[in-house]
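The values are calculated or read from the model by the stated rules, or taken from the named source; none is laboratory data. Please read all numbers here as calculations on a predicted model, not as lab measurements. Note: ideal-geometry Cβ built from the backbone for every residue, glycine included; neighbour counts use all protein chains shown.
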Amino acid sequence: MWFILALLSAVFAALTSILAKIGIEGVNSNLATAIRTVVVVFLAWGMVFLTDAQGGIAEISRKSWVFLILSGLATGASWLCYYKALQVGDASKVVPIDKLSVVITLVLAFVFLHEKITLKSVAGCLLIGAGTLLMVL
């Protein structure tokens, strides 16, 4: 059970990065953080007002709103799975699996954002995957 939850945490964490990348286009990063981050909403909105970025709200496109909201939902799902996995599994096994989000993000960035895959990034992904497998077995 902890393995599935930790793996889902990695998937949702990877989705967070991809959805935020799409949603943040043309949006103040402080304002985007406030929209997609429910847990730190007071801190994020404080930064928005502190940097006088609140005027940018009206300029956010419908597409950006949708992807920022989806990114926030993916963040919440990731954290829920992560903490439940930590509750029922060993941290020394849950945490490395959660970090597979790096690998999943690179794959999603290639597929959805058409980012370039390099030999170095493939090698890194393979090493992260092998390291994770080594740590949880």
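Some notes on this structure:
- Residues (buried (at least 18 other Cβ atoms within 10 Å of the Cβ), in a helix (DSSP H, G or I) and in contact (Cβ under 8 Å) with a residue 24 or more places away in the chain) located in segment 96-126: PRO96, ILE97, ASP98, SER101, VAL102, VAL103, ILE104, THR105, LEU108, ALA109
- Residue in segment 12-28 that is at pLDDT below 80, assigned to a helix (DSSP H, G or I) and among the polar types (S, T, N, Q) present: yes
- Residues satisfying the stated conditions in segment 57-88, i.e. buried (at least 19 other Cβ atoms within 10 Å of the Cβ), touching a Phe, Trp or Tyr at 6+ places or on another chain (Cβ under 6 Å) and over 14 Å from LEU15 (Cα atoms): ALA85
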